[in-house]
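The values are calculated or read from the model by the stated rules, or taken from the named source; none is laboratory data. Just so we're clear, the structure is a prediction, and the values are computed from it rather than from any experiment. When we count neighbours, we look across all protein chains shown, and the Cβ atoms used for this are built from the backbone with ideal geometry, even at glycine.
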Amino acid sequence: MQEFDIQAVIDYFNGRAATWDAGMVRNEEVIGEILDRGGIRPGIDALDVACGTGVLFPDYQSRGVRTLTAIDVAPEMARRAQEKAPWADVICGNVET
């Protein structure tokens, strides 16, 4: 398995957090398929790994998830995600640890 520099990943995403949402292009069909395959439906407890700025949070909410736990390694991404969804539990950390 190839090693990578986690700090470089954090720095990359922290540096792009402010403009991340503005540069995002949504494909509703693809997003719907991802959420369907992930079993995102009313009443479940969802986990969003590498949640970024929380761009999918409204989708989880519209599908009626009971709770949402989200994690991202980049503090600035996690901060922005938490601002979008005070109802979610957003964790800044490395999911592998």
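Some values worked out for this structure:
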| item | result |
| --- | --- |
| Tally of residues being under 19 Å from MET24 (Cα atoms) and exposed (fewer than 14 other Cβ atoms within 10 Å of the Cβ) across the range 62-97 | 1 |
| Residue in the range 10-19 that is exposed (fewer than 11 other Cβ atoms within 10 Å of the Cβ) and either without any contact (Cβ under 8 Å) to a residue 12 or more places away in the chain or within 20 Å of GLN82 (Cβ to Cβ) (or both) present | yes |
| Condition met for ASP5 (modelled with pLDDT under 95, among the acidic types (Asp, Glu) and at negative phi) | yes |
| Any hit, the range 28-40, residues being outside any helix (DSSP H, G or I), buried (at least 17 other Cβ atoms within 10 Å of the Cβ) and at positive phi | no |
| Lone qualifier among VAL25, VAL55, VAL90 - being part of a loop (DSSP other than H, G, I, E, B), among the aliphatic types (A, V, I, L, M) and under 13 Å from the mean Cα position of the chain (by Cα) | VAL55 |
